[in-house]
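Below: one structure, written as structure tokens.
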Amino acid sequence: MIAVLAQLQIQERADSCVADDGICPGWIAENFDRYVAPFFQHVFLTLVSVAIGFAIAFALALVAHRRRWLVAPVVQVTGILYTLPSVAVFFLLLPITGRGNTTAIIALVAYTLLILFRNVITGLDGVPDEARDAGRGMGFTERQLLWRVELPLALPEIFAGLRIAVTSTVGLAALAFLAGAGGLGDALFDDYSFRSNVLVAGGLCVVLAAALDLAVLGVQRLLTPWAR
Amino acid sequence: MTLLLALLLGAFALAACGEDDESTGGESTEQPSSTDGGGSQIQRDEANAKIKLKIGSKNFTEQKVLGEIYAQGLRAAGYDISTDLNLGDEQTALKAVKGGDIDAYPEYTGTALLSFFGKKADELPKDPEAAYEEAKKGFEGEGLTAFPPTPFTSSNEVAVTQDTADKLGLENISDLEGQSEKLTLFGSPECRQRLDCLLGLQQVYGLKFKKFVPVDLEQRHDVLTSGRADVSIVFTTDPQIQREKEVLLEDDKGMFPPYNSTLVMKQETADDVGPNFEKTLDMIQNQLTDENMQELNARVDLDKKDAATVAKEYLTETGLISA
Amino acid sequence: MNDFVDAIQFIFRSQESQAGGARIGGAENLPLLWDHLEVTGAAMLLAIAIALPVGLILGHTGRGAFAAISVSNVGRAVPSVALIAFFIAFFPRTSAFVNVTLALALLAIPPILTNAYVGVRQVSTDATDAARGMGMSHGQIIRHVELPLALPLIFGGIKISTVNVIATATIAPLVGVLTLGDPIISGSVYGRAGQIGASIIVAALAVAAEVGLSAVQRAVTPTGVKLQNPKRRAQTSP
């Protein structure tokens, strides 16, 4: 019966590496499946947030590209969102949007807006005038100019922004557990004195960021064959 | 000597039985579960499937284990259970159940009396049953119902290391008088406003600490062993107390009430859970004694197993669900 | 709107905590503010002390391009919570304040290092050749030619880092270092008003740092450089 076992086992637990909070490969191997769900939650939060953030930032940038007076205000507003500490945004949204993914995603999206908006605008601005002139010379309309000339040439800058957004979001999503959205931060904070846990949870974050960064880079290479 | 030897042999035999996958009739006579009155299995009732409940919990190990035990036990009975554990402190959890974010969570009678219903130290009942009855009355006033409590009690306690106790001659909490000005107290963030924590130490014992540092609850023992804290607030079911040989100071002025765990649910929800809910709940919790709870906590905090696994072990080892 | 008014009250007036008993708000915020500034300052000083020389030397010699740029990418990928947890877990006997400072300093190094590197690389070779011709040693070239010309980008990096550290210092209370993050995290003690109030103070700090350092950045940009290239920007975005 459990009761009798308890008296005798408190003093000497079978695995003292673990009871002493050390780095225990055995424990890591046995318990690795504990990190699977948080890992995929983390991937979900990151991808969804960057996707939504990109959609919004891209649309805003296209609009602001033709109406230059919009650029400064948008940069201001997204900039302010950026200075709010992420912890604050998670906690402040909680009573409004409840615990869970929604709150976390809203906060994470807000943080990607500045980077992505700025990079799309910069990318479009960086298109050499000669290219635009050439396009106009070929009879392109403004819209064709945008999609056939400006955007393709802006891709490197846009992708640079996407890479930054993706890695930053992986980092920020580690705090999503404060909003009840799980993720690798949840696993990390479960026992942040336990070295094995910190190494695995933290390590998986870095690995995820690196993998996503490479993935975005890969897509960039695919879409810009002329840049090779 | 022979008694200890017999106990040891008995324990090893039981351990061997517990690990054995073949639970034949012959082996079951070794398990004292039949003599303990527990050990009957939870029966699945199809009628329960339409009852959906979300179980929550507060933010430390024992709570997470309790939450998982209730969730898995009720699921075995056929209820539709989801969980949202690790919500936060007692105020957060109460708000969650009142607001409908969760349907139930395990609260402690003592915590409820002090933190929710504003009882003063001298008004606290010393008897666990009396504490439960008073807490139940208080919850009824909030539109909540508190189900019958667990056998185990997990009280807040003031803890120091053996060295500190020896150096400063500490046995009771009031021994800290005159000395606490040089000591740092570590506690949970909500400790500052709780009468069974820093606030109580200030008001009931008149203690002033050099510094109070709020840390995450799960750190309550690490801060003592690493030397960062002189004094820490711990729970009596913590396995680390024995392992790290910490000293619990006597509550000579009676600041701490009894703390049995009781499942708290909104009255309307409780009205719809069906007639067998309370019986199932009783089956699930009547083997949660002090020693058992401490062992379960040890499996999470010392063996670093996760709460869900440990909850399952509890339910299978007590025969409540089949392995 | 009510919440906002309560928040302003929290910033300026001391009051009782949510469940009663503890004092919060008003003057009680000052120790939190001080600790926040202390940990930010310490982390930034440490970060600059490490990142600036390394970035300058790497930029001067032209080696380690890959490292200097990658450190930024890797740095962004490590979540601040993980860094702090790492230090607490591996150095449990060190004070939490020191652990948090070290973690924040690590967080602050990448933008400064990368920007120092890029800043030095962008100094025109004409200037460095002229300096070499005048007989300056490497150290003198770094100090008298490259550093001044790279200052705008360097301050850009310092600006990015400072804002980052101010924001990240809000999670320090999770490990026992009481900064302005405490009201945000311990909502049950401080209430909504406290959470919003503290967020406003932190945001104000971040904006002040951004504005102040932008001004410094403009002040150290030699006029010639300003006129020459108005659109020059750092290769690291925020």
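Distance from the Cα centroid of the range B:46-85 to that of the range A:94-149 is 46 Å (rounded to whole angstrom).
Scalar couplings 3J(HN,Hα) for the range A:82-95, obtained by applying the Karplus form with A = 6.51, B = -1.76, C = 1.60 to θ = phi - 60°, are 5, 7, 5, x, 4, 3, 4, 4, 4, 5, 6, 6, 3, x Hz; x denotes Gly and Pro.
Shown for B:221, C:138, C:36: other C-beta atoms within 10 Å of each C-beta, ranked fewest to most, produce the order C:138, B:221, C:36. Taking amide H atoms as placed 1.01 Å from N in the peptide plane, the amide H of residue B:187 lies under 5 Å from those of B:213, B:215, each 5 or more residues away in sequence or on another chain.
Excluding same-chain neighbours fewer than eight residues apart, the lysines reachable from residue B:126 by a Cα-Cα span under 29 Å are B:58, B:64, B:95, B:98, B:136, B:137, B:208, B:245, B:253, B:266, B:279. Scanning chain C for trypsin sites (Lys or Arg not before Pro) in DSSP loops with at most 15 neighbouring Cβ atoms within 10 Å leaves C:94-230 as the longest stretch between them. Taking a temperature of 20 °C and a viscosity of 1.002 mPa s, what whole-number D in µm²/s does Stokes-Einstein yield for the range B:156-248 with Rh from Kirkwood over alpha carbon pairs? After rounding, the answer is 166 µm²/s. Here r is the Cβ-Cβ distance between residue C:94 and residue A:52 and R0 is 45 Å; the resulting FRET efficiency, rounded to 0.05, is 0.65. About its Cα centre, the dipole of the protein assembly as shown is roughly 5300 debye, where the only charges are +1 on Lys and Arg Cβ and -1 on Asp and Glu Cβ. Couplings 3J(HN,Hα) for the range A:197-208, derived from phi with the Karplus relation 6.51 cos²θ - 1.76 cosθ + 1.60 (θ = phi - 60°), are 5, 4, 4, 5, 5, x, x, 4, 4, 5, 4, 4 Hz, where x marks Gly and Pro.
Since only C:49, B:259, B:60 are under comparison, the one whose Cα sits farthest along the positive direction of the charge dipole of the protein assembly as shown, derived from C-beta charges on Lys, Arg, Asp and Glu, is C:49. In order along the range B:120-131, the Karplus-derived 3J(HN,Hα) couplings, from 6.51 cos²θ - 1.76 cosθ + 1.60 at θ = phi - 60°, round to 8, 4, 6, 9, 7, x, 8, 8, x, 5, 4, 4 Hz, and Gly and Pro are given as x.
Rg/Rh, computed from the Cα trace of the range C:5-94 with Rh as the Kirkwood radius, has the value 1.19.
With both labels modelled 7 Å from their Cα along Cα-to-Cβ, the residue A:138 to residue B:203 distance reads 7.9 nm. At full extension, residue B:44 and residue B:253 could sit 70.5 nm farther apart than now, given 0.36 nm per residue minus the alpha carbon distance. Expressed as a fraction of 2.2 N^0.38 Å, the C-alpha radius of gyration for the range B:207-323 is 1.35. Mean residue ellipticity, 222 nm, helices only, the protein assembly as shown: the sum of -39500 (n - 2.57) across DSSP H runs of n ≥ 4, divided by residue count and rounded to 500, is -18500 deg cm²/dmol. Between the range A:11-58 and the range B:265-323, the C-alpha centres lie 26 angstrom from each other. Taking amide hydrogens as placed 1.01 Å from N in the peptide plane, the amide H of residue B:56 sits under 5 Å from those of B:84, B:103, B:104, B:105, each at least 5 positions away in sequence or on another chain.
Could you let me know the centre-to-centre spacing of the range C:1-35 and the range C:162-184, using Cα atoms, in angstrom? After rounding, the separation between the Cα centres reads 16 Å.
The spread of Cα positions in chain C, taken along each principal axis and listed from longest to shortest, comes to 73, 42, 25 Å.
Axis angle, to the nearest 10 degrees, between helix B:290-301 and the longest C-alpha principal axis of chain B: 80 degrees. Unpaired Cys in chain A, meaning no second Cys C-beta under 4.7 Å: A:205.
Given the Cα atoms of the range B:89-186, and with Rh set as the inverse mean 1/r over their pairs in the Kirkwood sense, what is Rg to Rh to two decimals? Don't jump to the answer; show the numbers that get you there.
Working: Rg = 17.2 Å, Rh = 15.9 Å.
With Rg and the Kirkwood Rh in hand, the quotient comes to 1.08.
Given in Å, the Rg to one decimal and the Dmax to the nearest whole number for the Cα atoms of the range A:34-223 are 18.9, 66. Which log10 I(q)/I(0) values does the range A:118-228 give at q = 0.13, 0.16 Å⁻¹ under the Debye formula, counting every alpha carbon as one identical point scatterer? Cα-only, vacuum Debye calculation for the range A:118-228: -0.64, -0.78. Charging the Cβ of each Asp and Glu at -1 and of each Lys and Arg at +1, and nothing else, the dipole of the range C:28-228 about its Cα centre rounds to 380 debye.
Look at the dipole of the protein assembly as shown built from charges on Cβ: of B:47, B:187, B:141, the Cα furthest out on the positive end belongs to B:187. If you bin all the Cα-Cα distances of chain B at 10 Å, starting from zero, the percentages per bin are 6, 25, 32, 23, 12, 2, 0.
In the protein assembly as shown, taking the dipole from charged Cβ atoms about the Cα centre, the farthest positive-side position among B:88, A:75, C:196 is held by A:75. Compared with the dominant principal axis of the Cα atoms in chain C, helix C:96-121 is inclined by about 30°. For chain A, a simple Cβ point-charge model (Lys and Arg +1, Asp and Glu -1, everything else neutral) yields a dipole of about 1020 debye relative to the Cα centre.
Between amide H atoms placed 1.01 Å from N, distances below 5 Å from residue A:100 occur with A:180, A:181, all of them 5 or more places distant or on a separate chain. Along its principal axes, the protein assembly as shown has C-alpha extents of 93, 62, 55 angstrom, given from the largest down. Once both labels are positioned 7 Å from their Cα atoms along Cα-to-Cβ, the gap between residue A:17 and residue B:163 label points is 2.8 nm. Fully extending the segment from residue A:68 to residue A:227, taken as 0.36 nm per residue of separation minus the present Cα-Cα distance, adds 54.4 nm.
Using Cα pairs under 8 angstrom and six or more residues apart, how large is the relative contact order of the range B:198-316, in percent? For the range B:198-316, the relative contact order is 26 percent. The simple spin-label model puts a point 7 Å past each Cα toward its Cβ; for residue C:207 and residue C:12 those points are separated by 1.6 nm.
A short reminder: the numbers here are calculations on the coordinates, not readings from a lab. All figures in this text were calculated on a predicted structure; none of them were measured in a lab. As a convention, Cβ positions derive from the backbone with ideal geometry for all residues, glycine included, and neighbour counts pool all protein chains shown.
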